[in-house]
Amino acid sequence: MKNTSLEVDAYIDDTPEFAQPILKRLRRLIHKGCPQIVETIKWGVPSFDHHGIVIGFAAFKQHVGFGFWKAKLLSDPHGLLKTAQQASVMGVKVRSVDDLPDDAILVEYVREAALLNEQGVKLPKPKRTAVKPPTVPEDLQALLKKNAKARATFETLSPSCRCEYIEWITEAKQLSTRQRRLATTLEWLAEGKSRNRKYERK
């Protein structure tokens, strides 16, 4: 095998006895699937790179986990990555060499994963969930209408900073407490202050 790493040698040698034959076989098949693969240690475990991460594996107390970095983009013709857990990093779990897929199957998956990297295919960016603006209580709305400075500050605050004020007010258990918090909120907003300003970076 080309491009082997002494660090990966040491990692395998330091794993439980049951894991070593599994890791050695995986390692051999990874190199067979992509002879140009480069071994490194990332996040404390072996990683195999070719134009980016292709696959990694790790030994645990009772099993070995391995997974493809772009598992969700692989065609998965043999159902190796059929569940969400299996399609995650280190999501395929085996406890013995007999649990491993056939050599030809693993080589096939490694080749496809390496090809994705060669072609520059990237994982889709996770969709951002739109943050709904917080609902402003009627009593706070009424006070803000009467105070231009406080209203101007409130309108420039981020949704999360607005929520901090709103939650503080609505969590009051007694009317007198709520009224005090409303008055303090108006005062601080008029001074251009956020609710948790003491925690903000200067």
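When only alpha-carbon atoms are used, what values of Rg and Dmax, in angstrom, describe the range 29-108?
My reading of the Cα-based Rg and Dmax gives 12.0, 32 Å.
Rounded to the nearest 500 deg cm²/dmol, what is the calculated helix-only ellipticity per residue at 222 nm for the chain, with -39500 (n - 2.57) per DSSP H run of length n ≥ 4?
Calculated from helices alone, the mean residue ellipticity at 222 nm is -13000 deg cm²/dmol.
Among 50-57, 16-23, 145-152, how do they line up by average Cβ neighbours within 10 Å per residue, starting with the highest?
Packing proxy ranking, top to bottom: 50-57, 16-23, 145-152.
So what is the diffusion coefficient of the range 129-171 in µm² per second by Stokes-Einstein at 25 °C and 0.890 mPa s, using a Kirkwood Rh over Cα pairs?
Values: Rh = 10.9 Å.
The Stokes-Einstein estimate is 226 µm²/s.
So what is the diffusion coefficient of the range 140-202 in µm² per second by Stokes-Einstein at 37 °C and 0.692 mPa s, using a Kirkwood Rh over Cα pairs? Walk me through the numbers on the way to the answer.
Numbers: Rh = 11.8 Å.
Translational D for this selection: 278 µm²/s.
How big is the C-alpha Rg of the range 67-162 next to the rule-of-thumb value 2.2 N^0.38 Å, as a ratio?
2.04
Counting heavy atoms of the protein chains only and a 1.4 Å probe, report the per residue accessible area for the chain as a whole number of Å². Don't skip to the end; give the middle numbers.
Numbers: 12830 Å² over 202 residues.
Value returned for the chain: 64 Å² of accessible area per residue.
For each pair in Lys24/Lys72; Lys72/Lys125; Lys70/Lys125; Lys42/Lys70; Lys149/Lys173, compute the distance between the two Cα atoms and list the pairs where it is over 20 Å.
Lys24/Lys72; Lys149/Lys173
What is the percent carbon and sulfur in the accessible area of the range 19-133, measuring with a 1.4 Å probe over the protein chains and ignoring ligands?
Carbon and sulfur atoms account for 55 percent of the accessible area of the range 19-133.
Just the C-alpha atoms of the chain: what Rg/Rh do they give, with Rh taken as the Kirkwood radius? Write down the numbers at each step before the final one.
Numbers: Rg = 27.6 Å, Rh = 21.2 Å.
Value, to two decimals: 1.30.
Could you check which residue among Ser176, Ser75, Ser96 shows the biggest mean-square fluctuation in a GNM of the chain with a 10 Å Cα cutoff?
The residue that fluctuates most here is Ser176.
If the reach is capped at under 18 angstrom between alpha carbons, list the aspartates and glutamates near Lys145, excluding any in the same chain fewer than eight residues apart.
Candidates past the 8-residue exclusion: Glu155, Glu187, Glu191.
The values are calculated or read from the model by the stated rules, or taken from the named source; none is laboratory data. As the structure is a prediction and not an experimental result, all values here were calculated from the model. We place every Cβ from the backbone using ideal geometry, glycine too, and count neighbours over all the protein chains shown. For the accessible areas, the whole protein counts, side chains as well, though only heavy atoms, and no ligand, DNA or RNA atoms are used. Shrake-Rupley method; radii C 1.70, N 1.55, O 1.52, S 1.80 Å.
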